[in-house]
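Visitor: This structure is in structure tokens; I'll ask about it shortly.
The values are calculated or read from the model by the stated rules, or taken from the named source; none is laboratory data. This is a predicted model, so every value here is computed, not measured. Virtual Cβ from ideal backbone geometry, glycine too; neighbours counted across all protein chains shown.
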Amino acid sequence: MQIGFASTDITPSIGMEQPGSLGKQFHTRIHDPLCVKAVVIEDEEQSVALVGIDALSVKRSVVQAARAVVEEKTGIPAGNIMVGASHTHSGGPTVGARPGDFAHAFDRDFCEDIAQNHATAPDLGYLEYVTSQIATAVIMADEHKQEALLSVGSGQEPTVAFNRRFKMRDGTQMTHPGKGNPDIVQPAGPTDPEVGVVAAWRPNGDFLGCIVNFTCHGTTANPGASADWIYWLRQTITGGMHGGEVVFLNGACGDVTQVDNLSLQEHESGAKWSRRVGQKVGAEALKVLSMAEPAQLLPLAARQKILKIKTREVSEAHFQEALSRLKSDAPEGYECWYVRDAVLLHEYNKVEPEVICEVQAIQIGPVAFVSNPSEYFCEFGLSIKARSQFPYTYVAELANGCIGYVPTPETMGPQGGGYEPRLAMSSKLVPQAGQMIADASVELLNTLTPGAMPPTPQVKVEQTPWDAGRSDS
């Protein structure tokens, strides 16, 4: 096998927009470099690339453009390249509507104004830069390929990630109800503590790098532009292994963050908690790496399936009420953002009543990475893992695009509620979307045949005891 890693920089400039909030916010300082990390893996028949990008999300158009450049320059098929956003809320301006996206609207100038000046908006120059840096990272990784072996393993880190949704005494569900809220009954969803690690090693045993999969929002908030806790994850692994690269792919963390609402400990945010989360996950990855048995993990393969998922309708009555409020009393706080989004989504649905959802699977021997472009609820990710025929299945969300939140149908039902399912530009798909993605993921995995697990080194049965270990009485 031939394996190569590479890294490029995508740190936003001071003053650029910082997506991740419902309103406008801008970078005033930089905590750590934001990166694109890529690995290319090649056997005699196939090449695949997995890419982790420090961003809240990545547009499908950006991925498509980067893939085209990579295919032209390296021959790696576009469909064999997976690009997953880490979901750091301290990244660069990759999110929102481009200028002209509302040229068709009932009032073009009004809709363009609220989309660009009052909602999160991307920086077009930064998008071009990110496109180039994704392509450059994969091309460089391909150029850096060398003979190597792979290992795979999983650990458990159950103490840093928590479901943020709760069932309440009144029968409803709530997002972040507040620490110790006496009306909490129980969490409304699960977590996934699995730390998946696929690592590359030179034949002499030197560490080249690894891919890490874990499920948790990037919301610990280092002070400044940052990869969030993923920065400390990388620092922990590369420090412990004396170098190497770390490609991070986030799991189905649509309803999972670092905040423990059942605990009265201080709020888990800021540099201290970012370090704690990253170091704990990194330490678990180091434990997995310590047990590595490098081998050739074959075969390599890639599959894709394109789904078209309908968006939810914004009724004419809802639209007119939102428009009236937006043009008159201008509601404050979060309510303002939902009023704004009702108007924008009503108009956007005219040209995009369904979204393109790419489900992708990349096989590395007994390992399968299966991805989708949503903020996917953890319950669905666990379901895919349970239904997979692969010994190791790692789910990657917000990959190859972004289609917003995909909550469970229960969350969107009469007893649901909370932030994630509320109708908005960031949560606009029909309730069936989650199951559609899960079923498509499993269908893709079923078209692949898992490779054999590498054997663990064994010794022959020893029938002669150690002389000094005998008991003579």
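Visitor: Any residue at all in the stretch 293-306 that's in the same structural domain as Ala227 (by TED's automatic domain parsing), part of a strand (DSSP E or B), under 19 Å from the mean Cα position of the chain (by Cα) and of a type in the set (S, T, N, Q)?
Guide: Scanning the stretch 293-306 turns up no residue that is in the same structural domain as Ala227 (by TED's automatic domain parsing), part of a strand (DSSP E or B), under 19 Å from the mean Cα position of the chain (by Cα) and of a type in the set (S, T, N, Q).
Visitor: Something else now. Within the stretch 241-263, how many residues turn out to be surrounded by 24 or more Cβ atoms within 10 Å (Cβ to Cβ) and touching a Leu at 6+ places or on another chain (Cβ under 8 Å)?
Guide: 7
Visitor: For the stretch 293-305, does any single residue satisfy the condition of being touching a residue at least 24 places away in the same chain (Cβ under 8 Å), touching a Cys at 6+ places or on another chain (Cβ under 8 Å) and crowded, with 20+ Cβ neighbours inside 10 Å?
Guide: The answer is no, given that none of the residues of the stretch 293-305 is touching a residue at least 24 places away in the same chain (Cβ under 8 Å), touching a Cys at 6+ places or on another chain (Cβ under 8 Å) and crowded, with 20+ Cβ neighbours inside 10 Å.
Visitor: Only one of these is assigned to a loop (DSSP other than H, G, I, E, B) and crowded, with 23+ Cβ neighbours inside 10 Å: Gly401, Gly418, Gly381. Name it.
Guide: Values: Gly418 fails: crowded, with 23+ Cβ neighbours inside 10 Å; Gly381 fails: assigned to a loop (DSSP other than H, G, I, E, B).
Criteria check complete, one pass: Gly401.
Visitor: Of the numbered conditions (1) outside any helix (DSSP H, G or I); (2) in contact with a Gly (Cβ under 9 Å, 6 or more places away or on another chain); (3) among the aliphatic types (A, V, I, L, M), Ala438 fails exactly one; give the number of that condition.
Guide: Every listed condition holds for Ala438 apart from (1).
Visitor: Could you tell me whether the stretch 147-156 includes any residue that is more than 25 Å from the chain's Cα centre (by Cα), buried (at least 19 other Cβ atoms within 10 Å of the Cβ), under 22 Å from Val48 (Cβ atoms) and assigned by TED's automatic domain parsing to the domain that holds Asp54? Reasoning before the result, please.
Guide: As a first pass, look at the stretch 147-156 and keep what is more than 25 Å from the chain's Cα centre (by Cα): 147-149.
Keeping just the survivors that are buried (at least 19 other Cβ atoms within 10 Å of the Cβ) gives 148-149.
Of the ones still in play, those that are also under 22 Å from Val48 (Cβ atoms) are 148-149.
Right, trim to assigned by TED's automatic domain parsing to the domain that holds Asp54 and you get 148-149.
Taking every residue of the stretch 147-156 in turn, at least one turns out to be more than 25 Å from the chain's Cα centre (by Cα), buried (at least 19 other Cβ atoms within 10 Å of the Cβ), under 22 Å from Val48 (Cβ atoms) and assigned by TED's automatic domain parsing to the domain that holds Asp54.
Visitor: Quick check, is His267 under 26 Å from the mean Cα position of the chain (by Cα) and at pLDDT 95 or above? Reasoning before the result, please.
Guide: Numbers: under 26 Å from the mean Cα position of the chain (by Cα): yes; at pLDDT 95 or above: yes.
Answer is yes for this residue.
Visitor: Kindly evaluate Gly205 against the criterion of being out of contact with any strand residue (DSSP E or B) (no Cβ under 7 Å at 6 or more places or on another chain), buried (at least 20 other Cβ atoms within 10 Å of the Cβ), assigned by TED's automatic domain parsing to the domain that holds Val185 and touching a residue at least 40 places away in the same chain (Cβ under 8 Å).
Guide: On the way: out of contact with any strand residue (DSSP E or B) (no Cβ under 7 Å at 6 or more places or on another chain): yes; buried (at least 20 other Cβ atoms within 10 Å of the Cβ): no; assigned by TED's automatic domain parsing to the domain that holds Val185: yes; touching a residue at least 40 places away in the same chain (Cβ under 8 Å): yes.
No.
Visitor: Ok, one more. Picking from Val370, Val355, Val343, Val351, which residue would you name as being buried (at least 24 other Cβ atoms within 10 Å of the Cβ), not acidic (Asp, Glu) and not in a helix (DSSP H, G or I)?
Guide: Working: Val355 fails: buried (at least 24 other Cβ atoms within 10 Å of the Cβ); Val343 fails: not in a helix (DSSP H, G or I); Val351 fails: buried (at least 24 other Cβ atoms within 10 Å of the Cβ).
Checking each option against the conditions leaves just Val370.
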